[in-house]
1. In segment 176-196, what residues are under 15 Å from the mean Cα position of the chain (by Cα) and more than 13 Å from residue 101 (Cα to Cα)?
2. Against the condition assigned to a strand (DSSP E or B) and more than 22 Å from residue 199 (Cβ to Cβ), how does residue 96 come out, does it pass?
3. For residues in segment 139-175 being among the polar types (S, T, N, Q) and within 13 Å of the chain's Cα centre (by Cα), which is farthest from residue 207 (Cα to Cα)?
4. Taking the condition of being at pLDDT 85 or above, buried (at least 19 other Cβ atoms within 10 Å of the Cβ) and either touching a Phe, Trp or Tyr at 6+ places or on another chain (Cβ under 7 Å) or not β-branched (Val, Ile, Thr) (or both), how many residues in segment 51-74 meet it?
5. Suppose the filter is within 19 Å of residue 200 (Cβ to Cβ), touching a Phe, Trp or Tyr at 6+ places or on another chain (Cβ under 8 Å) and basic (Lys, Arg); does residue 86 pass it?
6. Against the conditions (1) in a loop (DSSP other than H, G, I, E, B); (2) touching a residue at least 60 places away in the same chain (Cβ under 8 Å); (3) farther than 30 Å from residue 163 by Cα, where does residue 78 fall short? Just the number, please.
7. With the checklist (1) assigned to a helix (DSSP H, G or I); (2) closer than 25 Å to residue 206 by Cβ in hand, flag the one item residue 126 doesn't pass.
Amino acid sequence: MRFGGLVLVLFVLVGCTAEAPAAPQPSAATTTAAPAPDPAALQARVTEARIPDDAIARLGFQPQGSEEGAGFVVLCPDELATDGDRATVQETHSWTSPGTALQQTIIPYVRDGAAKETVDLARASLECAPIEVDGGTYTPVDELNVVDMRADAQFAMCFHKSDDDTHVCHLLLSKADMLVVLTHVGKTEGLAAMAFAIAGRAAAERLSA
């Protein structure tokens, strides 16, 4: 399971815990990658894609820090066929409000079409069996209905954590070679949909083609 230390922060911030197994080694790409982008230019695009704090302040979210790297796309499946197409420049940013947490992961891809393909692959999460992590059970619920973010592709869904009645919801957005994953931890799917309506639009607007 690809939880990694970054998602562990989310659960800790809202009073949840999860053991963090090691992230898998990227699988070899089966197609020819595009020429490597300039690292400085790619870093600038990734940094520019961060949601501004004031865009979500009205939801009560306060920044909790940022890290380089990305631990996962969705809780399940634990591996996606596009994992090996990720660029090395990635960032994760976290915010909290009372009883909830929000995380934004920004992942550029080196293969044309891989970001949109990742969104499509993530739909398999709806067919996942319940996931056991540190005594908690995470069960896929349904696709989450969110507003149109005007991205190339989008997908949202939730997992229900039975032991404390928490919902872990994901929103994936892709534009060109960039993917943004928003993860919301809170009590209800409705809270996630409300947060995604604002945070998701802010994220989509900042994705550069």
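1. Those that are under 15 Å from the mean Cα position of the chain (by Cα) and more than 13 Å from residue 101 (Cα to Cα): 178, 179, 180, 181, 193.
2. No: the conditions fail for residue 96.
3. By that ranking, first place goes to 154.
4. Of the residues in that region, 2 qualify.
5. Here the answer is no, as residue 86 does not meet what is asked.
6. (3)
7. Result: residue 126 passes all but (2).
Per-residue answers, yes or no, for (1) surrounded by fewer than 22 Cβ atoms within 10 Å (Cβ to Cβ); (2) farther than 23 Å from residue 90 by Cβ:
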position: 112; (1), (2): yes, no
position: 121; (1), (2): yes, no
position: 129; (1), (2): yes, yes
position: 147; (1), (2): yes, yes
position: 156; (1), (2): no, no
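The values are calculated or read from the model by the stated rules, or taken from the named source; none is laboratory data. Note that the coordinates shown come from a computational prediction; the quantities given were computed from them, not determined experimentally. Note that each Cβ is placed from the backbone with ideal geometry, even for glycine, and that neighbours are counted across all protein chains shown.
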